[in-house]
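Written out below as structure tokens is the structure these notes cover.
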Amino acid sequence: MYNISRNVKPISVNVSRIDLYDPKLVKHLVELRQRYDIPPEYLELEITESAYTDDPEQIVTITRRLSEAGFLILMDDFGTGYSSLNMLKDLQVDVLKLDMGFLKSSDNSPKGGSILAAIMQMARSLNMQTIAEGVETREQVEFLKSIGCQFVQGFYYSRPLPAQEFEKLI
């Protein structure tokens, strides 16, 4: 039993490509959530963008079933893979986790920032939240705020921490 006086935070779990082909995946995840009495909003599932290219029909089906079971679906590493933007219309995805590679250009071209701004606009029109991963500088934070990115994560805020240190931080 958990201490309800704590400020509970959602956790994200990476779902591998192999897991996506397990016919018992949804049942297994629902059973785990029930066994440990985890409210649906506290368990998020991250599926890497590259997984969407393997078998689009299977991925559409499994993300729909996971969404129907109450899971929040995050597309991880958006912008690093070669998936088609066309897939976004068919997938049950709630959140795009954006790769900051767009802002790490060796030629300091403004194209990366323009692409991120366009992705933000697209995400808003699709009612998707956005999280920028790999944020390392104040300038990146300010730019992301200016284009409407809702959440950021990265070394700018903290390096990975042991559980005890994380608990002290929050």
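Of the residues making up region 76-96, those that are out of contact with any Phe, Trp or Tyr (no Cβ under 6 Å at 6 or more places or on another chain) and at pLDDT 90 or above are Val93, Asp94, Val95. Residues that are in contact with a helix residue (DSSP H, G or I) (Cβ under 8 Å, 6 or more places away or on another chain) and either surrounded by 14 or more Cβ atoms within 10 Å (Cβ to Cβ) or of a type in the set (Ser, Thr, Tyr) (or both) within region 135-157 comprise Val135, Glu136, Gln140, Phe143, Leu144, Ile147, Cys149, Val152, Gly154, Tyr156, listed in sequence order. For Gly101, indicate whether it is more than 18 Å from the chain's Cα centre (by Cα), assigned to a helix (DSSP H, G or I) and either aliphatic (A, V, I, L, M) or surrounded by 11 or more Cβ atoms within 10 Å (Cβ to Cβ) (or both). Against the criterion (more than 18 Å from the chain's Cα centre (by Cα), assigned to a helix (DSSP H, G or I) and either aliphatic (A, V, I, L, M) or surrounded by 11 or more Cβ atoms within 10 Å (Cβ to Cβ) (or both)), Gly101 does not qualify. The set of residues in region 13-51 that are under 17 Å from Leu72 (Cβ atoms), under 18 Å from the mean Cα position of the chain (by Cα) and assigned to a helix (DSSP H, G or I) comprises Asp19, Leu20, Leu29, Pro40, Glu41, Tyr42, Glu49, Ala51. Cβ contacts < 7 Å: first residue free of Cβ contacts under 8 Å to residues at least 12 places away in the same chain and of a type in the set (Gly, Ala, Ser), restricted to region 110-134; second residue buried (at least 18 other Cβ atoms within 10 Å of the Cβ) and in a helix (DSSP H, G or I), any location; separation 6+ or different chain. Result? Pairs that qualify, where the first residue is free of Cβ contacts under 8 Å to residues at least 12 places away in the same chain and of a type in the set (Gly, Ala, Ser) and the partner is buried (at least 18 other Cβ atoms within 10 Å of the Cβ) and in a helix (DSSP H, G or I), are Gly112/Phe102; Gly112/Leu103.
Say whether the condition of being surrounded by fewer than 16 Cβ atoms within 10 Å (Cβ to Cβ), assigned by TED's automatic domain parsing to the domain that holds Ala51 and within 26 Å of Pro39 (Cβ to Cβ) is met by at least one residue in region 69-81. Yes: one or more hits. Tell me, please, whether a residue that is farther than 19 Å from Asp94 by Cα and either of a type outside the set (A, V, I, L, M) or within 16 Å of the chain's Cα centre (by Cα) (or both) can be found in region 62-76. Checking region 62-76: not a single residue is farther than 19 Å from Asp94 by Cα and either of a type outside the set (A, V, I, L, M) or within 16 Å of the chain's Cα centre (by Cα) (or both). Here is the figure for region 135-159: residues that are closer than 19 Å to Glu44 by Cα, without any contact (Cβ under 8 Å) to a residue 40 or more places away in the chain and either among the β-branched types (Val, Ile, Thr) or in a loop (DSSP other than H, G, I, E, B) (or both) total 3.
The values are calculated or read from the model by the stated rules, or taken from the named source; none is laboratory data. Keep in mind it's a predicted model, so treat the numbers as computed, not measured. Every residue, glycine among them, receives a Cβ derived from its backbone with ideal geometry; neighbour counts consider all protein chains shown.
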